[in-house]
1. Would you grab the residues whose amide H sits under 5 Å from the one on residue 162? Only those 5+ places off in sequence or on another chain, please, with H modelled 1.01 Å from N.
2. What residues have an amide H closer than 5 Å to that of residue 256, excluding those fewer than 5 places away on the same chain, when H is modeled at 1.01 Å from N in the peptide plane?
3. Could you tally the net charge around residue 292, taking each other residue with its Cβ under 12 Å from the Cβ of residue 292, Lys/Arg +1 and Asp/Glu -1?
4. For residue 160, list the lysines whose Cα falls under 30 Å from its own Cα; do not include residues on the same chain fewer than 8 positions away.
5. Please work out the ratio of the alpha-carbon Rg of segment 246-336 to 2.2 N^0.38 Å and round it to two decimals.
6. For residue 188, give me every one of the lysines with a C-alpha distance below 26 angstrom, ignoring sequence neighbours fewer than eight places off in its own chain.
7. What lysines could a cross-link reach from residue 45, if we take a straight Cα to Cα line under 22 Å and drop same-chain neighbours fewer than 8 places away?
8. I need the semi-axes of the equivalent ellipsoid of segment 135-250: take the C-alpha gyration tensor, multiply each eigenvalue by 5, square-root it, list largest first in whole angstrom.
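Values quoted throughout were computed directly from the atomic coordinates according to the rules given, and no laboratory measurement underlies them. Since the structure is predicted, the reported quantities are computational estimates derived from the model, not experimental observations. With ideal geometry, Cβ positions are generated from the backbone for all residues, glycine too; neighbour counts draw on all protein chains shown.
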Amino acid sequence: MISKDYYNILGIRRDADTFEIQRAYTRRMRELHPDRSSSNPEADKKIGEVGEAYRVLSDPQKRQQYDLYGSVGGDYAPPPGWQAAARSVSFNDLDPTFFDRDNSRLSGFDVMLYEILNRFNRRSQGANGSHPFQENHDRTRGSDVEVELRLSLTDLYDSKPRLVAIAPDLVCEDCGGTGHSAKSVCAKCAGAGHFNQNRTLNVKIPPGVENGEILKLFGQGNPAPKSMGPSGDLRIRIKIDQSDGFSNNGRDLLTELPIPDYLAALGGVVALSTPSGSLILRLAAGSNSGKKLKISGKGLPRREGGFGDLIVTLLVIVPDQLTIEQKQFYEALKKLNQ
């Protein structure tokens, strides 16, 4: 079975991060939309391939399996470019569950390799039953760094990158992360091989981000001890602050609009300031308190493009203290309704 090159299908590099994958998927689906590619008989097939590529590469576990084996849950086929990757493969790259799998479907060289590695694994397996390869991998990978990024509802409409301040451990350049310079302990890092340093990153927030969502930047966390493995990841936890008078239900924006009683009775226009800008609403005569107005496309940005809706609930306000003229007006109105 020939493996599909999912990276080529989406038009991205093999080290693309989650946001780049999402952006490439959106771009390719827009290019293949029937309105743009009605004359292309292969469009439907390519849409399926793009969707398949996105489902695999957007899932960290499936992506790792694809990068190693060239397929996900199917027959083995080396991924495109596997020759270059094979030169850097070590036992630390083995999937630790390899030794727990049913090998009844393996054949030929695969069975022989399985038996050799399994025999070696049984000899070197720890007392707690853990796999040494996995322990090695966990031990040499840098730890993740998690930070919180606070956004207002207004920020969700702005696509400009946000500054994220982090303080990861950086590999000491003087000793290359070994902790030693020549035959002595490195003076800069005091033998640790790394040191803490504040820095900032420009992070582009994808549209449709949710409160509590975690954005992951691969390789931007702490370096591995002694630089013996890959760096950890940077996890950015999104915290969306509710703006004054506004909340959200999914991608719909919710608010209450106080209006005077005469405007509710007679109708008219009223201005409303929202996180995305100002709006002019036209109210019908006889608008009661609790009435909901739906303004399409004025809600929060959607991940797949477009916007949710703005839901405005009217609140009719009656004066707390009436002037003499207002009291006379209400008395006259009372008589008209008797």
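1. 203, 204, 205
2. 313
3. -1
4. Straight-line reach from residue 160, under 30 Å: 204, 216, 239, 294, 298.
5. 1.35
6. Counting by Cα, and skipping residues close in sequence, residue 188 has these lysines nearby: 226.
7. Partners found: 4, 62.
8. 37, 14, 10
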